[in-house]
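Before any comments, here is the structure.
The values are calculated or read from the model by the stated rules, or taken from the named source; none is laboratory data. Remember, it's a predicted structure, so these values are computed and weren't measured experimentally. Please note: Cβ atoms are built from the backbone with ideal geometry, for glycine as well, and neighbour counts cover all protein chains shown.
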Amino acid sequence: MWQPEHEYRSFVSDNRRWAGFEHRPGDILVCTPPKNGTTWMQTVVTTLLFPEGAPGPVFEVSPWIDARFEPVDVVQERLDAQTHRRHIKTHTPADGIPHWDDASYIVVGRDGRDACMSFLNHMRNMQPELMGRLAGSAMAEGIVPAGPPPPVEDEHAFFAWYLASGTQLDHVASWWPYHDRPNVLFVHYDDMKADLDGEMRRVSAFLDIPVDESRWADQVASCTFAGMKARAEEIADFESHFVGGADTFLYKGTNGRWRDVLTADELAAYDDAVARAMPAECAAWMAGRTEAVPAA
């Protein structure tokens, strides 16, 4: 049975849940830090796999296997019952999940400062009842908090916590050694915003899914930020997890909000943290200079 090189366990997720996953050739893994375009990429892959309509909401078709929201046996049974090509979401770094040569890994990244602003909104709006339930079950399973909860009341305190947690930087850095493997595709959030059509074509080519030009414009439109908001019920039951539902989870999708928030000292601290966490090419890619990774 597979054992992780490194364990990543928290109130929200537990990478040991991968141990019971039964891999099939062709499986697709969407691998991202939080708030880097995870749901966006899951929706893109779902749309590519099911141009005539998915067999269920995106979050059910493409489950987050690490998440502790429901028993792992329930998630595994759902995956086992799928007869189509499967895709799974994970926020776990590369050293915490299985690797197969006949699986496809899509790594999505974003400038860490933009991700932080989105993550702050995300954490501020998690349903309190859900968080309480997760905390209680985690303690029952012996999961010890890595530190104090994120200080969501203050943007500057949250940014300091975000850097200290290493969630964004460690995740992106963990995948960088894999960026030139033929079964790994790096996709940047900024490129999806700038040219969704082009990035969806890259993903379809990587996954060897033919493009049907007669449907393509509608497929791309359905994966824009506005398109996803308009069909939120086809993506997930957001109300069960977030105060405000889809309006909160699919918040703005914008970049640069940190420019009016972070101080010069905080920006310098961010630059130092990036330099310590990853090589210069990886940092350049995460910052949006995506020529650091050759186009697939």
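For the stretch 17-41, enumerate the residues that are without any contact (Cβ under 8 Å) to a residue 60 or more places away in the chain and either crowded, with 19+ Cβ neighbours inside 10 Å or in a strand (DSSP E or B) (or both).
Step one: list which residues in the stretch 17-41 are without any contact (Cβ under 8 Å) to a residue 60 or more places away in the chain, which gives 17, 19-20, 22.
Scanning the stretch 17-41 gives a single hit, R17.
Are any residues in the stretch 163-182 more than 18 Å from the chain's Cα centre (by Cα) and of a type in the set (G, A, S), and if so, which ones? Scanning the stretch 163-182 gives a single hit, A164. With respect to the conditions (1) assigned to a helix (DSSP H, G or I); (2) more than 19 Å from R113 (Cα to Cα); (3) touching an Asp or Glu at 6+ places or on another chain (Cβ under 9 Å), P177 lacks only one, and its number is (3).
Let's see how each residue does on (1) within 30 Å of R24 (Cα to Cα); (2) in contact (Cβ under 8 Å) with a residue 12 or more places away in the chain; (3) surrounded by 21 or more Cβ atoms within 10 Å (Cβ to Cβ); (4) not charged (D, E, K, R):
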{"position": "F69", "(1), (2), (3), (4)": "yes, yes, no, yes"}
{"position": "T83", "(1), (2), (3), (4)": "yes, no, no, yes"}
{"position": "S104", "(1), (2), (3), (4)": "yes, yes, yes, yes"}
{"position": "R113", "(1), (2), (3), (4)": "no, yes, yes, no"}
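Number of residues in the stretch 160-188 that are modelled with pLDDT of 95 or more and of a type in the set (F, W, Y): the value is 4. Among residues of the stretch 162-185 that are under 30 Å from N121 (Cα atoms) and in contact (Cβ under 8 Å) with a residue 60 or more places away in the chain, those with a Cβ under 8 angstrom from a residue that is in a helix (DSSP H, G or I) and acidic (D, E), sequence gap 6+ or separate chain, pair up as S174/D95; W176/E281. Considering the stretch 191-296, the qualifying helices (runs of 4 or more DSSP H), each wholly inside and each with 3 or more residues that are crowded, with 18+ Cβ neighbours inside 10 Å and at pLDDT 95 or above, run over 196-206, 264-277, 280-286.
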